[in-house]
């Protein structure tokens, strides 16, 4: 029920914003959003690909370190993250002459992250050697890319953890990456 409500609210916000921007910005293209963005993580090796779908909305998938914490304990290590990002402050950043290159903005996103035991660095879970945990929830993120292509992405969220070999529960998720965007960026 909570998932359905979250997706309904996200859909309404995205649809309303897309309609309002179409009127004021004139045109149907991806005005501020990068169409394709491939990022190689330098801190904790990993990779992320982001695809711009339509104005202010993108999908991303990455394999990078993350921290999962819930009632049963924590785990830190590599995870597969997927997001549907809604960037909400492109216009505000443009109005005050801030950089929006490489999707430099703040976003909200429904999120899924999967942590597998073989690629975890540390945990305090009472779990077998082949456990897995999947996070389903929402995150708030900040992404900044400078003109040379260096990228910082940090997100914090809360959601439901579904365990395989460990108990289920609720808790926060933290993800931070520092990397370099390998694809060509807009010159805005």
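A few remarks follow.
- For residue 117, the criteria (1) at pLDDT 85 or above; (2) more than 21 Å from residue 157 (Cβ to Cβ); (3) in contact with a strand residue (DSSP E or B) (Cβ under 8 Å, 6 or more places away or on another chain); (4) not in a strand (DSSP E or B) hold in every case but one, which is (4).
- Within segment 6-16, not a single residue is modelled with pLDDT under 90, in contact with a helix residue (DSSP H, G or I) (Cβ under 8 Å, 6 or more places away or on another chain) and within 21 Å of residue 155 (Cβ to Cβ).
- Residue 124 being out of contact with any helix residue (DSSP H, G or I) (no Cβ under 6 Å at 6 or more places or on another chain), loosely packed, with under 15 Cβ neighbours inside 10 Å and more than 18 Å from residue 50 (Cβ to Cβ): yes
- Extreme residue, surrounded by the fewest Cβ atoms within 10 Å (Cβ to Cβ), among residues of segment 92-114 that are in a helix (DSSP H, G or I) and free of Cβ contacts under 8 Å to residues at least 12 places away in the same chain: 95
- Counting the residues of segment 140-188 that are within 18 Å of residue 52 (Cα to Cα) and crowded, with 17+ Cβ neighbours inside 10 Å gives 9.
- In segment 69-91, residue modelled with the lowest pLDDT [restricted to those that are assigned to a strand (DSSP E or B), over 21 Å from residue 44 (Cα atoms) and under 19 Å from the mean Cα position of the chain (by Cα)]: 87
The values are calculated or read from the model by the stated rules, or taken from the named source; none is laboratory data. Fair warning: this is a prediction, and the values are worked out from it, not measured in the lab. Note that each Cβ is placed from the backbone with ideal geometry, even for glycine, and that neighbours are counted across all protein chains shown.
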